[in-house]
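Asker: Before we start, here is the structure in question, set down as structure tokens.
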């Protein structure tokens, strides 16, 4: 599903109107679908609804929503910030015909009538600005929003949780009203995720046609609540242009590697992992287990021989290539032995990095491996994670130093991304999508920028946002699980594809790497969601994700 800017959304609306899907029809659908989303979650009959009405289409959507909720038995009132009582506005007239009462902000200078209505409201519908925010909120609107925020907090200072109004509540602990945003919460920048200090935080947001970038960018994402994407009949007819996508379960289901009944382990690819060191014996195990749990046919761990007994005692399914080391740290001459194994028994994917450590000899190992990697007759797809990235960052303009046969997959967290770019982590977090896209293009790599709403970017400018932000994944080792997940899926995709030659092969390999990264990030995040539902968001450890990877895959296949 496409993620759009406000400008792109306006262009799509104009094209839809020109093609016969009029603004009036889109508004009717938008308001109706907002009301339906509310009614699917709560019983609105006899509930008190206050609709905050602004100018333009967002206010019109709110009027349609008000009418539909009124017809469903809700007690609806309008509070009008800016909108003329226009006889040519059919949605206004339909509300008048239903005798839905209203108050204008211009006639309520001290907001006493607003406070009185808020005192008795069960729902507040925010139909003030939507995507129309273009500058800091001030004046009457700022005071209006401040009144809503101060009036709609419980004794604990929290906003309302997403609950049914029929659930018994303590009036001292929770607010009176659920806030529902029409398209976007007022004060949320749709393009950047910036959140105006005056903004309302919604429990539910119903956005139209396509999600907006700001809804998946912090801090604005915190104000969205549950997000529903409503189809108002607008199609995405932009062709052959780099796009920003939101990963969806339907798309991921279609991209999963096939599992033929007559398969053998070679059918599902072989994954080699060069990971681990004396201080990090768990990382290679987590990554190897993840690769196996997402379906790789064979997983081999290349580890320093000193830690081989430790790692081997933790995993039964992997095979091993113990390599020469020095007290558990990597030595450059291990490259020759690793490359010899890859020559004799080609692997579909090679993961380097999880738990490598930062010893100087390890840096030499990584540099020598990447320098000699193109000499392989059939080089595997390359995934670089963790300390492999940290060693890259120490090489000036590393992307010009190493010549990759195919774009590698890089999986940095924000701190590693900052080191690779030579900037501050705050700069990365302030522009995650732009940073990931630019880096993928400059490095000719697939970049997986980890974090809340992970971003996967390709060299051609395409990028996908993974629609999960889960605190359960904020724990050591989950990045190792992600790297192994991507490597395991990439090996399967490689094994199941007849390789082309020349440019076609390069394009195919790049697409496979991008697909594996997107699907891997989605499945990994979904496993985190399953773990959080079963165990809670606190106290989950990386190993909890491993048995839930097959459950995530099965859930996708079963459309659950």
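The values are calculated or read from the model by the stated rules, or taken from the named source; none is laboratory data. Note that the structure is predicted; figures quoted are calculated from it, not measured. Note: ideal-geometry Cβ built from the backbone for every residue, glycine included; neighbour counts use all protein chains shown.
Asker: Here's a check for you: in region 290-309, which residue that is in contact with a strand residue (DSSP E or B) (Cβ under 8 Å, 6 or more places away or on another chain) and assigned to a loop (DSSP other than H, G, I, E, B) is surrounded by the most Cβ atoms within 10 Å (Cβ to Cβ)?
Answerer: Out of the qualifying residues, it is 296.
Asker: Among the residues of region 357-371, write down those that are more than 10 Å from residue 331 (Cβ to Cβ), under 34 Å from the mean Cα position of the chain (by Cα) and part of a helix (DSSP H, G or I).
Answerer: 363, 366, 367, 369, 370, 371
Asker: Quick one: residue 228 ticks every box in (1) within 30 Å of the chain's Cα centre (by Cα); (2) touching a residue at least 40 places away in the same chain (Cβ under 8 Å); (3) within 19 Å of residue 479 (Cα to Cα) bar one, so which box is it?
Answerer: Single failed check for residue 228: (3).
Asker: Quick one: which of 374, 379 is modelled with pLDDT under 95, assigned to a helix (DSSP H, G or I) and over 28 Å from the mean Cα position of the chain (by Cα)?
Answerer: Only one candidate passes the filter, namely 374.
A quick yes/no check of all residues on (1) surrounded by fewer than 18 Cβ atoms within 10 Å (Cβ to Cβ); (2) over 17 Å from residue 177 (Cα atoms):
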position	(1), (2)
6	no, yes
21	yes, yes
24	yes, yes
31	no, yes
46	yes, no
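Asker: Let me ask you something else. Go through region 68-102 and give me each residue that's touching a helix residue (DSSP H, G or I) at 6+ places or on another chain (Cβ under 6 Å), touching a residue at least 60 places away in the same chain (Cβ under 8 Å) and farther than 22 Å from residue 119 by Cβ.
Answerer: 91
Asker: Restricting attention to region 379-397, and to residues there that are touching a residue at least 12 places away in the same chain (Cβ under 8 Å) and over 28 Å from residue 495 (Cα atoms), which single residue is surrounded by the fewest Cβ atoms within 10 Å (Cβ to Cβ)?
Answerer: Step by step, filter region 379-397, then rank; the result is 394.
Asker: Considering region 119-142 alone, what residues qualify as being more than 28 Å from the chain's Cα centre (by Cα), within 14 Å of residue 80 (Cα to Cα) and surrounded by 17 or more Cβ atoms within 10 Å (Cβ to Cβ)?
Answerer: Hit for region 119-142 is 141, nothing else.
Asker: I would also like to ask the following. Return a yes/no flag: does region 29-39 have any residue that is at pLDDT below 95, outside any strand (DSSP E or B) and under 27 Å from residue 115 (Cα atoms).
Answerer: Looking for residues that are at pLDDT below 95, outside any strand (DSSP E or B) and under 27 Å from residue 115 (Cα atoms), one finds none in region 29-39, hence no.
Asker: Of the residues 353, 357, 422, only one is at positive phi and surrounded by fewer than 16 Cβ atoms within 10 Å (Cβ to Cβ); which?
Answerer: 422
Asker: For region 250-263, enumerate the residues that are surrounded by 14 or more Cβ atoms within 10 Å (Cβ to Cβ) and under 18 Å from the mean Cα position of the chain (by Cα).
Answerer: Matches in region 250-263: 251, 252, 253, 255.
Asker: So, one more: Can you name the residue in region 66-105 that is in contact with a strand residue (DSSP E or B) (Cβ under 9 Å, 6 or more places away or on another chain) and assigned to a loop (DSSP other than H, G, I, E, B) and, of all such residues, is modelled with the lowest pLDDT?
Answerer: 85
Asker: Within region 184-222, work out how many residues are under 12 Å from residue 133 (Cα atoms), in contact (Cβ under 8 Å) with a residue 40 or more places away in the chain and under 16 Å from the mean Cα position of the chain (by Cα).
Answerer: So the count comes out to 2.
Asker: In the list 444, 470, which residue meets the criterion of being in contact with a helix residue (DSSP H, G or I) (Cβ under 8 Å, 6 or more places away or on another chain) and at positive phi?
Answerer: Of 444, 470, the one residue that is in contact with a helix residue (DSSP H, G or I) (Cβ under 8 Å, 6 or more places away or on another chain) and at positive phi is 444.
Asker: If you don't mind, another one. Scan region 528-549 for residues that are closer than 14 Å to residue 286 by Cα and in a helix (DSSP H, G or I) and jot them down.
Answerer: Within region 528-549, 542, 543, 544, 545, 548, 549 meet the criteria.
Asker: Among the residues of region 1-28, which ones are outside any helix (DSSP H, G or I) and free of Cβ contacts under 8 Å to residues at least 40 places away in the same chain?
Answerer: 19, 20, 22
Asker: Next question. Do the conditions hold for residue 254, that is, is it closer than 24 Å to residue 464 by Cβ, without any contact (Cβ under 8 Å) to a residue 24 or more places away in the chain and in a helix (DSSP H, G or I)?
Answerer: Considered against the rule, which asks whether it is closer than 24 Å to residue 464 by Cβ, without any contact (Cβ under 8 Å) to a residue 24 or more places away in the chain and in a helix (DSSP H, G or I), residue 254 comes out as yes.
Asker: Another one. Which ones in region 34-44 are touching a residue at least 40 places away in the same chain (Cβ under 8 Å) and buried (at least 22 other Cβ atoms within 10 Å of the Cβ)?
Answerer: 34, 38, 44
Asker: Within region 55-72, identify whether any single residue is buried (at least 18 other Cβ atoms within 10 Å of the Cβ), farther than 18 Å from residue 207 by Cβ and over 35 Å from the mean Cα position of the chain (by Cα), and answer yes or no.
Answerer: Scanning region 55-72, I find at least one residue that is buried (at least 18 other Cβ atoms within 10 Å of the Cβ), farther than 18 Å from residue 207 by Cβ and over 35 Å from the mean Cα position of the chain (by Cα), so the answer is yes.
Asker: Among the listed residues 312, 345, identify the single one that is in the same structural domain as residue 493 (by TED's automatic domain parsing), surrounded by fewer than 23 Cβ atoms within 10 Å (Cβ to Cβ) and within 21 Å of residue 267 (Cβ to Cβ).
Answerer: Going through 312, 345 in turn, just one is in the same structural domain as residue 493 (by TED's automatic domain parsing), surrounded by fewer than 23 Cβ atoms within 10 Å (Cβ to Cβ) and within 21 Å of residue 267 (Cβ to Cβ): 345.
Asker: How many residues are within 24 Å of residue 328 (Cβ to Cβ) and touching a strand residue (DSSP E or B) at 6+ places or on another chain (Cβ under 9 Å) if we restrict to region 387-410?
Answerer: So the answer is 4.
Asker: Further, regarding this structure: Considering every residue within region 123-133, establish whether at least one is outside any strand (DSSP E or B) and at pLDDT 95 or above.
Answerer: Yes: region 123-133 contains one or more residues that are outside any strand (DSSP E or B) and at pLDDT 95 or above.
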